[in-house]
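Here is the structure we will look at.
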Amino acid sequence: MQSVLNSERGTYKKAFAAAFPHTLPVLAGYLFIGMAFGVMIQEKGYHVLWAMFMSLVIYAGSGQYLAVNFFVPGISFLQIIFMEFMVNIRHIFYGLSLIGRFEKTGKKKAYLIFSLTDETYSLYFLTKTPPGVPEDQFLFAIAVLDHSYWILGSGLGALLGHLIPFDATGIDFAMTALFLVILTEQWMDGANRRSATAGLICALVCRILFGEEQFILPAMVCIMAILVAGRRMFESEKSGEKKEREVEEHAG
Amino acid sequence: MPVSVGKTLAIIFVVSATIFFTRLIPFLFFPNGKELPPVIRYLGRVLPPAVIGMLVIYCFKSVEFTHAPFGLPELIAGAVVVLLHAWKRNNMLSIGVGTVLYMVLVQAVF
């Protein structure tokens with residue numbers, strides 16, 4: 001039993017060590033987006049521990065920015081639920097691709113679902129679990145690291161948001177860059193280009209038609225409809241791994 | 001604090017539960033051990049690239065292309081990220097250079 005525990009602790013250490021470098025872009029982004037939240041909530045009269053508590057139990061960028069406005073007398077809970085649901089509706093998508101991978105994560109599953117932010121979700125698809133590390137521990141390590149950056153950032157923002165020694169304007173571009181890198185990586189892989197293009201075009205068209213506040217839901221409906229309707233076209237395109245295998249076979 | 005501790009906690013709880021629920025929905029429909037319908041398995045496979053595409057647009061959603069600086073910092077830094085990544089395929093390099101460049105552009109150039 002002791003040796004089992006020890007070896008599990010050993011692989012956790014390995015999992016965190018392997019996950020850490022992948023989370024650096026999220027570290028840069030979350031520290032500063034989190035700090036912006038910390039500054040805003042502190043201006044509402046909530047001190048550093050409140051800021052960190054909110055980031056611990058809510059853990060959502062746009063969701064927490066929106067929530068700052070809710071701490072006023074006479075707010076309606078129904079309105080809170082509706083607005084938060086609409087702002088985070090894109091998250092409904094994310095689990096669909098992770099049902100299989102999360103199945104073998106045991107007790108960690110609830111936390112992995114809770115912590116499924118845009119950035120964490122993206123890292124799950126950018127990274128490959130290194131050999132010798134159980135996948136559930138690797139996913140868990142990414143989730144915990146990202147979450148801790150977020151809590152740390154909001155605490156720092158609430159504590160010393162006004163004393164920041166250098167101008168960090170624009171550092172949140174790290175998140176945009178992360179998504180662009182994943183998109184480019186997939187494109188260079190030659191995998192799922194049609195699906196990526198469908199996502200880009202649907203979102204762009206819906207952004208133009210529906211405006212910046214309301215385009216995500218129509219974009220999601222549009223993406224689903226196109227993927228389902230064009231299934232034969234999208235399925236005929238090879239996924240990345242298959243393509244690699246095919247290249248190897250041809251080479252062999 | 002603008003509202004009482006109890007009300008604050010209630011608001012935090014409601015926000016947290018609502019967001020958790022958006023992330024939980026697919027797992028409610030397909031709990032462990034349940035056979036996934038082929039169309040869901042198919043969507044699970046092809047959705048991530050589409051979602052990443054959507055998130056890229058989401059990041060640019062507030063950029064004003066119709067007046068100065070016409071989204072130039074975003075377009076320039078974004079193009080550098082893509083080209084640098086296509087060339088070197090080094091995640092940290094592409095993200096680091098793109099972010100620093102963007103910060104210089106919005107703080108000192110435009």
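The values are calculated or read from the model by the stated rules, or taken from the named source; none is laboratory data. Note that this is a predicted model, so its numbers are computed, not measured. Note that each Cβ is placed from the backbone with ideal geometry, even for glycine, and that neighbours are counted across all protein chains shown.
Observations on the model:
- None of A:Ile81, A:Ile99 is modelled with pLDDT of 90 or more and under 18 Å from B:Ala50 (Cβ atoms) except A:Ile99.
- Hits in the range A:206-228 (condition: touching a residue at least 24 places away in the same chain (Cβ under 8 Å) and out of contact with any Lys or Arg (no Cβ under 8 Å at 6 or more places or on another chain)): A:Leu217, A:Ile223, A:Ile226, A:Leu227
- Test result for A:Met35, hydrophobic (A, V, I, L, M, F, W, C), modelled with pLDDT under 90, out of contact with any Pro (no Cβ under 9 Å at 6 or more places or on another chain) and in the same structural domain as A:Ile89 (by TED's automatic domain parsing): yes
- Residue that is surrounded by the most Cβ atoms within 10 Å (Cβ to Cβ), among those in the range A:140-198 that are among the acidic types (Asp, Glu) and at pLDDT below 95: A:Asp172
- Only residues that are touching a Phe, Trp or Tyr at 6+ places or on another chain (Cβ under 8 Å) and buried (at least 18 other Cβ atoms within 10 Å of the Cβ) were counted across the range A:199-210, and they come to 3.
- Looking at A:Thr105, A:Thr127, just one residue is under 17 Å from the mean Cα position of the chain (by Cα) and among the hydroxyl-bearing types (Ser, Thr, Tyr), and that residue is A:Thr127.
- Counting only helices (runs of 4 or more DSSP H) that fall entirely inside the range A:134-220 and contain at least 1 residues that are among the polar types (S, T, N, Q), over 18 Å from A:Tyr65 (Cβ atoms) and more than 14 Å from chain B (Cβ to nearest Cβ), the qualifying elements are A:135-160.
- Residue check, A:Ser55 under 29 Å from B:Ile25 (Cβ atoms), touching a Ser or Thr at 6+ places or on another chain (Cβ under 6 Å) and in the same structural domain as A:Thr127 (by TED's automatic domain parsing): yes
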